[in-house]
Amino acid sequence: MFASVLGDDNCEELDGKIQEIISKRIKHRKMDQKSKFEKDVQGVIVRGNPYHAERYHEAYQRSLSNPEEFWGEVAKCVDWTKPWDTVLDNRRQPFTKWFVGGEINACYNAVDRHVKAGKGSRIAIIHDSPLTKTIRKVTYAELLDEVSHLAGALAKLGVGKGDRVLIYMPLIPEAIVSMLATARLGAVHSVVFGGFASRELCTRIVHAEPKVIIAASCGIEPHRIIRYKDILNEAIEMSSYKPHKCIIFQRRNIESCPLDVEMDLLWEDALKMAGPHECVPVEANEPLYILYTSGTTDQPKGIQRPVGGHIATLCWTMSVVYGMGPDDVWWAASDLGWVVGHSYICYGPLLAGITSIMYEGKPDRTPDPGQYFRVISEHKVNGIFTVPTAFRVIKREDPDVEYGKKYSLESLKAVMVAGEHCDYETKMWAERVFNVPVLNQWWQTETGHVMAAHCIGLGHNTNPPKYTAGMAFPGYDIRILREDGTEAARNELGRIVVQLPLPPGTMTTLYQAPERFCQVYFQKYPGYYDTMDAGYIDEYGYIYVTARDDDVINVAGHRISTSALEDVVLAHPDISDASVVGVPEPTKGEVPLCLFVLKKDALKTEAAVSLDILRMVRELVGPIAAFRLAAAVRGLPHTRSGKICRKSIADLARNKEIRIPGTVEDASVYKDIKETLQKLGYASSAPDPQ
């Protein structure tokens, strides 16, 4: 069976067949790496390429041809307690190790070193909460004081190197304090998104077995209070594993909760129970955190992130990808509990020593659709990372930006979007409104940072071709494979894979599931990381991610991306949101079905809009798409991170029983979706979504 990599040096070899194939690839790559690389580069960087960026080209070339030297230089952007013995240990793919023997502490690099450098008075975190009508600013010195005291409390409660601490909090500074305090001890944090109900929380408690759980009394939404402590109590009651202690932060400006005198410890009391604790160095390949991917409630899929490569790479991306300098203000409009929050609310900006915005609110309802503009203007934001859905919401509610016009956007340099497909109409609207480049990028929870991007700091063109996610980020040898494993031609749609080894900072395994790690990500295409996304690479080297491979529908033998169809639909002036899924059809196998949401001020009826988009798809995509099914719905199932749960819609249409993901913002939309599908001849015997 596959080898265990959870600290056991005497583990078994990987499965024989896979290991043999991987070994052959490694041997071939070592023998012919230089000539192979030059051939690849010539295929991508063509003479006369109008998008050629010399700084990017040089960095990308070195990252593949001489990874030890390249990443050894990158790693110098953070401080190491002990230098590494070996930059790259690739003997046991896919369990690659980086900076072997080096010792480091993530909290020290995110906080202590900036204070020691005389930057303690700089603002580390701005918590802007229109939901509570408060703005709070935390300096690096204040952050260090609170983090070190909480680390002291955790240590006194028995938390040490390698132990797990589960964090269940809303988007407040105390959540970041908890993450950093855990990392300070060399312990492993597992942040569970505050929107999860007790069932999902219980699953994660059982799987991670945390010594301590840190939670808040409550969270807040535009029209309701979410009682975190009640949810936590239910989860612990259901759980077969019980934590030693819970530390509870009372949000007294919203609602306090009763405490269990045996189990619970008040946040303020915890900070006083021990003195400040120093940073504990850990070996570079020890885990920094476990992060569960969305939708994995039955079989937890906990991504395990290595500390050394991750913080070095993240620190570097702040300048080379996002163009942020030492005095800039950065805003990742996401949440902790998702990879974007971990990488670019907490670690990335703090490692770079800049200011990170935590925005506790919505794009439109807290209290109006001018909030993005207000935050940029008030806090002099220089760069934003968000999901395209946020712009669709603002555009839907305030298409002429009446609420946003009164704010200055002079500080803003660029906007980055990821997490879901960004249709061209939304991109062009956002560029016109914010008057800066809106740059797409592509990455996953598994990678922790970009796989493809427009690297501002490496001189990439900020006016790239339509729809592209950018070029391969240094260290990622990205290929497009056909179903039979052969490499696709330029501009040919296929499965996106990355030739091993993966660069520093990506996942090292699945927590307590190394066999599943190999089976899920590396078994289908041995020697490659399977992204499970579909796309293609053009003649200039730009990468286009069309959909999750599951979202590519097969219409009479023709593979069609649902996102390509959604692009056409979202160009209609009366449509604010849309989703296309594949549904069964006896002759063609599958056909596309479109559910769309009309704008509030739509000029046409549902029937007229349906006819329009059927005509538009036929004209722009062609009759091959067999696009004949479209209907309006009240809303679509979006997760808190902005993604549409397309698979649940497709399963519902196929009469499958579906369980509503705990991350869906408005579960009530499923009732309307089911009724609409039934009118179209689907979901006739589907159970009600639970």
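The values are calculated or read from the model by the stated rules, or taken from the named source; none is laboratory data. These figures come from a predicted structure and were not determined experimentally. Cβ: placed from backbone, ideal geometry, glycine included. Neighbour counts: every protein chain shown. Ligands, DNA and RNA are excluded from the accessible area calculation, which covers all protein heavy atoms including side chains. Shrake-Rupley method; radii C 1.70, N 1.55, O 1.52, S 1.80 Å.
So here's what we get for this one:
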{"item": "Rotationally averaged projected area of the chain (alpha carbon convex hull; nm²)", "result": "29.1"}
{"item": "Nearby lysines by direct alpha-carbon distance to residue 76 (threshold 21 angstrom, same-chain neighbours under 8 apart not counted)", "result": "97, 116, 119"}
{"item": "Residue-by-residue Karplus 3J(HN,Hα) for region 76-82, coefficients 6.51, -1.76, 1.60, Hz, glycine and proline x", "result": "6, 6, 10, 8, 10, 5, 9"}
{"item": "Residues with amide H under 5 Å from that of residue 414, placed H, sequence gap 5 or more", "result": "384"}
{"item": "Interchain or long-range residues, amide H under 5 Å from residue 629's placed H", "result": "594"}
{"item": "Cα-based reach from residue 671 at 13 Å (exclusive), listing aspartates and glutamates while leaving out same-chain residues under 8 positions away", "result": "688"}
{"item": "Within-13-Å neighbourhood charge of residue 316 [Cβ basis; K, R +1; D, E -1]", "result": "0"}
{"item": "With every protein chain in place, the chain: carbon and sulfur % of accessible area (1.4 Å)", "result": "49"}
{"item": "Å² per residue, accessible surface of region 543-690 at 1.4 Å", "result": "44"}
{"item": "Rounded to the nearest 20 debye, dipole of region 437-580 from Cβ charges on Lys, Arg, Asp, Glu", "result": "280"}
{"item": "For region 571-690, the Rg and Dmax computed from alpha carbons only, in angstrom", "result": "14.2, 39"}
{"item": "Accessible area in the full protein assembly, largest first, 1.4 Å probe, for 509, 81, 587", "result": "587, 81, 509"}
{"item": "Proximal aspartates and glutamates to residue 406, defined as alpha-carbon separation beneath 20 angstrom and excluding residues fewer than eight positions away on the same chain", "result": "128, 364, 368, 378, 397, 398, 431"}
{"item": "Residue 554 paired with residue 571, simple spin-label distance in nm, labels 7 Å along Cα-to-beta-carbon", "result": "2.9"}
{"item": "Sorted peptide list for 335-342, 398-405, 468-475, criterion being average Cβ within 10 angstrom, highest first", "result": "468-475, 335-342, 398-405"}
{"item": "Filtered trypsin sites (Lys or Arg not before Pro), region 120-154: DSSP coil and at most 10 other beta carbons within 10 Å", "result": "133"}
{"item": "Convex hull of Cα atoms in region 193-278, direction-averaged projection (nm²)", "result": "6.6"}
{"item": "Å³ per residue enclosed by the Cα convex hull of region 439-546", "result": "95"}
{"item": "222 nm mean residue ellipticity, helices alone, for the chain (DSSP H n ≥ 4; -39,500 (n - 2.57); rounded to 500)", "result": "-9000 deg cm²/dmol"}
{"item": "Within the chain: Cβ-based charge dipole about Cα centre, in debye rounded to nearest 20 (Lys, Arg +1; Asp, Glu -1)", "result": "480"}
{"item": "Cα centroid separation - region 146-216 against region 580-655, whole Å", "result": "41"}
{"item": "Unsatisfied cross-links (Cα-Cα over 29 Å) in the set 133/156; 599/643; 161/524; 588/674", "result": "133/156; 161/524"}
{"item": "Cα-centre dipole for region 110-258 with unit charges at Cβ (Lys and Arg positive, Asp and Glu negative), debye to 20", "result": "320"}
{"item": "Protection proxy ranking of 414-426, 488-500 - average other beta-carbon atoms within 10 Å, highest first", "result": "414-426, 488-500"}
{"item": "Given charges at Cβ of Lys, Arg, Asp, Glu: the chain dipole, positive-most of 274, 472, 243", "result": "472"}
{"item": "Dipole of the chain [Lys/Arg +1, Asp/Glu -1 at C-beta], most positive-end residue of 344, 681, 459", "result": "459"}
